[in-house]
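*Asks:* Below you will find the structure I want to go over with you.
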Amino acid sequence: MPATKIVNEQEVIRWFEEGKTYQWMIDEYKRKYGIDTVASMWGNFRRRRGLDRRITRDDELIPWEVKEEHRWKYPVAMLRIEARKRDKRELTENEEDRLASWKEMLKEEGAVVHYDPETEEGFFYVPRQKGDDDLIHKPAQKTTTRRNADNK
């Protein structure tokens, strides 16, 4: 990353600490400094400075490459919240309540989350089977292409 792109590193670090999105940073840099940037530049800055990720990727909970049309379905949204909880990230009271209710439903139904990308629905609740030791029915092979970039 060219040194000339980052005008004020402390300002950028503060933005990360405030939870600003990459798109916000791109827009703000263009507005404030007239400098065009891209999301990968901000991600590289974050990683090189050892700053925490703002999202949690857990390919044990979401081991699939999820199609665009399925990315905001309720089961995968709940899996993302559970991933944040396991990563000891702060959840809102609403997220805590929704997650607890959803997990209780899975327990009562004896169900786990299954993903089939070739269907319109994408995500299904299926009966828990032998070997289902978490919230999902694990596929034979992980297909996610979005593994945690910070893992070596």
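*Asks:* Using the Karplus curve 6.51 cos²θ - 1.76 cosθ + 1.60 with θ = phi - 60°, what ³J(HN,Hα) values do you get for each residue of segment 32-46, in whole Hz, with x for Gly and Pro?
*Replies:* Working through the residues one at a time gives 7, 10, x, 10, 7, 10, 10, 4, 5, 5, 5, x, 5, 4, 4 Hz.
*Asks:* Give me the base-10 log of I(q)/I(0) for segment 71-152 at each q in 0.14, 0.18, 0.25 Å⁻¹, Debye formula, one uniform scatterer per Cα, rounded to two decimals.
*Replies:* Cα-only, vacuum Debye calculation for segment 71-152: -0.54, -0.89, -1.40.
*Asks:* Still on this structure, please answer the following. Show the residues, 5+ positions off or on another chain, whose built amide H is closer than 5 Å to the amide H of V112.
*Replies:* V126, R128
*Asks:* From the backbone phi of segment 86-101, what are the Karplus-calculated ³J(HN,Hα) couplings (6.51 cos²θ - 1.76 cosθ + 1.60, θ = phi - 60°) in whole Hz, Gly and Pro given as x?
*Replies:* With coefficients 6.51, -1.76 and 1.60, one gets 5, 8, 6, 7, 6, 10, 6, 4, 4, 4, 4, 5, 4, 5, 4, 5 Hz.
*Asks:* Something else now. For segment 94-144 and segment 6-45, what is the centre-to-centre distance using only Cα atoms, to the nearest Å?
*Replies:* Their Cα centres are 36 Å away from one another.
*Asks:* Same structure, new question: Go through segment 77-83 residue by residue and turn each phi into a ³J(HN,Hα) via Karplus (6.51, -1.76, 1.60, θ = phi - 60°); whole Hz please, and just put x for glycine and proline.
*Replies:* 5, 5, 5, 5, 5, 4, 4
*Asks:* Assign unit charges at the C-beta atoms only (+1 for Lys and Arg, -1 for Asp and Glu), then state the dipole size of segment 66-152 relative to its Cα centre in Debye, rounded to the nearest 20. Working shown, then result.
*Replies:* Details: 19 positive and 20 negative charges, 111 e Å.
Here segment 66-152 has a charge dipole of around 540 debye.
*Asks:* In Å and on Cα atoms, what radius of gyration and Dmax does the chain show?
*Replies:* Values for the chain (Cα only, Rg and Dmax): 18.7, 58 Å.
*Asks:* Using the crude model of +1 on Lys and Arg Cβ and -1 on Asp and Glu Cβ, and no other charge, please compute the dipole size for the chain relative to its Cα centre, in debye to 20.
*Replies:* Numbers: 32 positive and 32 negative charges, 179 e Å.
Charge dipole of the chain: 860 debye, to the nearest 20.
Computed from the coordinates by the stated procedures, all read-outs in this text should not be read as laboratory data. The structure presented is a predicted model; accordingly, all values stated were derived computationally and were not measured. Glycine also receives a Cβ, built like all others from the backbone with ideal geometry; neighbour counts cover every protein chain displayed.
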